[in-house]
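Notes follow once the structure below has been shown.
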């Protein structure tokens with residue numbers, strides 16, 4: 001089973017505003033609502049890839065039923081902890097004229113100690129040997145920064161594999177428990193390792209250091225410049241694909257879903273990078289946090305050129 005953890009879900013409200021101007025009255029040409037949060041986004045993509053998963057995390061307030069109904073309609077199982085405060089709303093402003101994409105994200109609800117303990121017990125109860133656990137995204141300020149480390153430790157004791165996609169202190173603490181795979185973007189990796197430059201050589205060198213410290217594989221997303229995939233034995237690089245960009249939200253989550261797909265289907269490292277890069281490109285060509293499909297990814301795979309570094 002695949003378990004996705006979303007500690008701070010959000011309703012993503014995407015506003016399309018051409019020629020968006022700060023300090024001025026702006027007219028919205030279209031609006032859409034999507035259930036979001038990085039783990040939920042991964043589950044949405046996995047469903048389109050033909051892989052079932054179960055979502056867990058925290059939900060509450062006016063948006064709780066909306067999330068549950070939407071997940072049920074998509075055929076995605078869930079076991080969220082009900083909280084007293086309300087799940088957050090994030091606003092995404094898409095300016096297609098100037099090709100500018102702005103995110104306005106709320107911090108998230110307060111999670112008390114009882115709710116947190118209930119979540120950890122629930123996670124432990126659904127996690128078992130052979131599972132793949134995806135730990136994605138941020139958390140509300142009330143949750144301890146070692147939460148991913150605690151969950152990775154539980155998962156490993158249960159015999160599950162772990163994929164971590166986080167940033168800042170959550171990523172730093174999580175690495176102490178040696179997740180199997182991590183997927184930082186270049187900015188997250190740069191902050192984590194305090195990089196003075198973001199050249200390919202520097203990225204590869206620090207990734208190798210993390211591999212030596214116990215991480216199995218590292219996929220570094222470079223945005224429009226492609227991705228670098230570092231394993232214990234080899235380093236692979238691919239350039240970004242040229243696709244029409246409608247939203248940059250969810251591209252990284254699609255790449256994480258691709259990693260899960262490739263692990264389950266036993267794809268080799270080259271094909272894994274191809275599939276992951278194509279998944280990220282397919283995601284940015286869709287509006288809002290709409291999940292890419294397997295057919296959309298397959299249309300792009302042959303365009304990905306992977307080179308051994």
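A few notes on this one:
- Set 168, 214, 223, 159: member being within 26 Å of residue 109 (Cβ to Cβ) and surrounded by fewer than 16 Cβ atoms within 10 Å (Cβ to Cβ): 168
- Those residues of the range 153-167 which are free of Cβ contacts under 8 Å to residues at least 24 places away in the same chain and either in contact with a strand residue (DSSP E or B) (Cβ under 6 Å, 6 or more places away or on another chain) or on the phi > 0 side of the Ramachandran plot (or both), in sequence order: none
- Single unsatisfied condition, residue 287 versus (1) within 20 Å of residue 41 (Cβ to Cβ); (2) in a helix (DSSP H, G or I): (2)
- Residues in the range 242-285 that are surrounded by fewer than 22 Cβ atoms within 10 Å (Cβ to Cβ) and either within 21 Å of residue 55 (Cα to Cα) or modelled with pLDDT of 95 or more (or both): 262, 263, 264, 265, 266, 267, 268, 269, 270, 271.
- Every condition in (1) over 20 Å from the mean Cα position of the chain (by Cα); (2) farther than 22 Å from residue 61 by Cα; (3) touching a residue at least 40 places away in the same chain (Cβ under 8 Å) holds for residue 122 except the one numbered (2).
The values are calculated or read from the model by the stated rules, or taken from the named source; none is laboratory data. What you are looking at is a predicted structure, and each value in this text was computed from that prediction instead of being measured. Ideal geometry is used to build each Cβ from the backbone, glycine not excepted, and the neighbour counts take in all protein chains shown.
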